[in-house]
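Read through the structure below, which is laid out as structure tokens, and then see the notes.
The values are calculated or read from the model by the stated rules, or taken from the named source; none is laboratory data. Note that the structure is a prediction, hence the values are computed from the model and not measured. Cβ placement follows ideal geometry from the backbone for every residue including glycine, while neighbour counts extend to all protein chains displayed.
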Amino acid sequence: MRSGAKVAIVGGVFVVVAGGIGYGAYNVLGGGDGSTETASKSTEVRSGPLSPEEVKNTAEEFLTAWADGKDPELAATYTNNPAVAKDVVASYSEQAHITDAVITPGQATGAKVPFTVKATVKFEGLSKPLSYASELTVVRGLTSGKPLVDWAPTVIHPKLTKTTTLVTGEAATPPIKAVDRNGTELTAEKYPSLAPVLDQLRDKYGEKAGGTSGVEMWLQSEDDNAPRTTLLTLSKGKSGELTTTLDAKVQAAAEQAVKKFSEASVAAVKPSTGEIVAVANNRKDGFNAAMLGKQAPGSTMKIVTAAMLLEKGLVGAGRPAECPKTVLYQGTSFHNLDNFDIKGGTFTQSFARSCNTAFIKLIDDTKDDHALPAEAREVFGLGLDWQTGVASADGSVPEAAGGGAAAQYIGQGTVQMNVLNIASVTATTKDGTFRQPVIVPRGLDNRQLAVAERQLPGAVGQQLRDMMRETAAWGTGKTAMSGLGGDKGAKTGSAEVDGQATSNSWFTGFQDDLAAAASVESGGHGGDAAGPVVAAVLAAG
């Protein structure tokens, strides 16, 4: 124990108070003398599993030194990465201005020791309570054999990472009051999926919205372009109002819809304007996959493929189209779901039932392996550096050859999309013109929006819309879309990624002037999981 620290045992609870910071550990001493042999005093190189006593003592030593707050280097010596740990522990008081902390451990489970922290954040005469829970794990040193805390930034705070730091001070940007298109306030508490979006909107447009900064504790990233994540507000400052293109009613429906499936995402866009109406995710990692995800979209990509084949005159909605059970292209075999085939069918039937082979059989007839990437870019605006107003990925259909090019025809291989991209594809199909999705009006900052080289030819667009309508009426999208009225169309998709046991579920559809797309990782058939999510969002619009 550090000299100068006062030690007491009160009702079987071990307490250390030093430097105004306390560490209270529920450590029932059970008749022992309570002495702790630190790793530095032991010359024995131990091996094998850790004993409960080693776990308890190591956690006790580290938490005591951390709570003391006077010697970060000492606290770091009880970890297996002291060089890094020292700076993080030091920043806890020096940069985050956290003081008067009481750290209380819970019952250890094996080598894991959970604990809670109750503290105060103080900055220039302002103060506010801070409380959170975290845990540490004790491991045996690889060379020393000593029990040590397995260092990770989350030991100090559960939201810390290797590239972030806890900082308290005057906020760099004023807070915002984000509102939807009708003036309804949008908050992370009411719409959890919007948390990362609202953080970015504040960082980018806080000053333009006319507010004044307050004092906060936040996560500061090494990446200057990454948004700050506010953890505690000591003084709010004054919020400026920022109008978004979102619709609170549709956003609420999106939030509820994704909750029904784990790892689900959805986005909705107005075809007539490109305005993003809703974006929601239900993910363990909190990642905004709806706008930033990059995955194979499965057969939803057949909308783009069909547009290219129609433009080249290789197919027609009512013309015959072969749909065998399997097809071999340059050594790569492709098959339909459950190896179904369609005898004497039309291209509309192949589209509506999502026949893979009908599309791949035509790749040689295009006489251009790069025809699909060109269609995706020139007509649907994919890969054109979208400036939505927040961070987003704009889709990717790289040039490919052979079996790789064939896989792209059915949304596999190197095709990378998120649900915002696919919602935009559907919006372009519905309207006939690519309108780059935006979440705040362009006039807010006069940013340059992406513009496609050409429109979807009228006859091609009409056939595409009709095929999507048939898909919703009797094809693979029938069940999901059955409860919707108006002018409606759909396309399903299932994407196999990295050999996973169950494919990812994809679905996209339109109803009047609203287009939406959803994905559910390991959700299976497109109509089973992603379909109901899209239908719920369209119904709210």
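Per-structure values
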quantity	calculated
Positions within the range 257-281 being under 19 Å from Ser522 (Cα atoms), surrounded by fewer than 21 Cβ atoms within 10 Å (Cβ to Cβ) and not basic (Lys, Arg), in sequence order	Ser262, Glu263
All positions within the range 153-207 that are within 30 Å of Thr64 (Cα to Cα) and among the polar types (S, T, N, Q)	Thr154, Thr161, Thr163, Thr164, Thr165, Thr168
Matching residues in the range 289-313 - criterion: being surrounded by 17 or more Cβ atoms within 10 Å (Cβ to Cβ) and part of a loop (DSSP other than H, G, I, E, B)	Gly293, Ala296, Pro297
One residue from Thr428, Thr502, Thr492 being hydroxyl-bearing (Ser, Thr, Tyr) and touching a Leu at 6+ places or on another chain (Cβ under 7 Å)	Thr428
Verdict on Leu372 being surrounded by 21 or more Cβ atoms within 10 Å (Cβ to Cβ), touching a residue at least 60 places away in the same chain (Cβ under 8 Å) and under 36 Å from the mean Cα position of the chain (by Cα)	yes
Unmet criterion (only one of (1) closer than 30 Å to Asp203 by Cα; (2) modelled with pLDDT of 95 or more) for Thr476	(1)
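To keep it simple, each residue is scored yes or no on (1) under 18 Å from the mean Cα position of the chain (by Cα); (2) in a strand (DSSP E or B); (3) among the aromatic types (Phe, Trp, Tyr).
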position: Leu166; (1), (2), (3): no, yes, no
position: Gly169; (1), (2), (3): no, yes, no
position: Ala172; (1), (2), (3): no, no, no
position: Lys177; (1), (2), (3): no, yes, no
position: Asn182; (1), (2), (3): no, no, no
position: Ser193; (1), (2), (3): yes, no, no
position: Pro196; (1), (2), (3): yes, no, no
position: Asp199; (1), (2), (3): yes, no, no
position: Asp203; (1), (2), (3): no, no, no
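This table checks each residue for (1) out of contact with any Ser or Thr (no Cβ under 8 Å at 6 or more places or on another chain); (2) of a type in the set (S, T, N, Q); (3) part of a loop (DSSP other than H, G, I, E, B); (4) within 16 Å of Ala296 (Cβ to Cβ).
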{"position": "Leu372", "(1), (2), (3), (4)": "no, no, no, yes"}
{"position": "Arg377", "(1), (2), (3), (4)": "yes, no, no, no"}
{"position": "Glu399", "(1), (2), (3), (4)": "yes, no, yes, no"}
{"position": "Ala407", "(1), (2), (3), (4)": "no, no, no, yes"}
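Matching residues to (1) of a type in the set (Ser, Thr, Tyr); (2) under 18 Å from Gly293 (Cβ atoms); (3) in contact (Cβ under 8 Å) with a residue 40 or more places away in the chain:
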| site | (1), (2), (3) |
| --- | --- |
| Val438 | no, no, yes |
| Gln462 | no, no, no |
| Ala472 | no, no, no |
| Gln500 | no, yes, no |
| Gly527 | no, no, yes |
| Gly531 | no, no, yes |
